[in-house]
Amino acid sequence: MRRDAFLEVFSRELDAGAVRAGADAFSAEEFTELVGALDSFVVLDGAERFGFCTIRYPEPVTAEILYVYVDPAHLGKGIGSRLVRYAEHWIRDKHPEVTSIALDTAVPKYNQAFYERLGYTQLGHTVCRYPTGEVAAVRLTKSVAKE
């Protein structure tokens, strides 16, 4: 699913080197191991996976959404919004010490507006570091308001 997103969707914005770096960054086994070590959420319908989201905590008061992917065949159905909102709720509920959520997007033309509709604001520029290379990215953040 993640590889498909890079090849089918993100390739419209990224150059070939960046697409390769993102698409080939992890084998399926490596990615499963990585996601298994983090707070992760998967959207399922039976055995079919439609999307997933992962979170890490680089600092005691900061959560970082590392990955939000939706199967390209299911884009535009609200799955990504629900994943991000669920992750935010999880963070508030399980990690009350967290005051902000950060995320990076290597495809800001494609999805920065999506994150801004969910309340994220641009903090600056950064890079996404993959084992196969680096990709320029935009850093976004959101304050976590206690409900």
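The values are calculated or read from the model by the stated rules, or taken from the named source; none is laboratory data. Here the structure is a predicted model, which means the values were calculated and not measured. Here the Cβ is made from the backbone with ideal geometry for all residues, glycine too, and neighbour counts use every protein chain on show.
For region 6-26, the count of residues that are modelled with pLDDT of 80 or more, surrounded by 12 or more Cβ atoms within 10 Å (Cβ to Cβ) and within 15 Å of the chain's Cα centre (by Cα) is zero.
Taking strands (runs of 3 or more DSSP E) as the structural unit, those lying wholly within region 53-145 and holding at least 3 residues that are surrounded by 17 or more Cβ atoms within 10 Å (Cβ to Cβ) and touching a residue at least 24 places away in the same chain (Cβ under 8 Å) correspond to 62-70, 100-105, 133-143.
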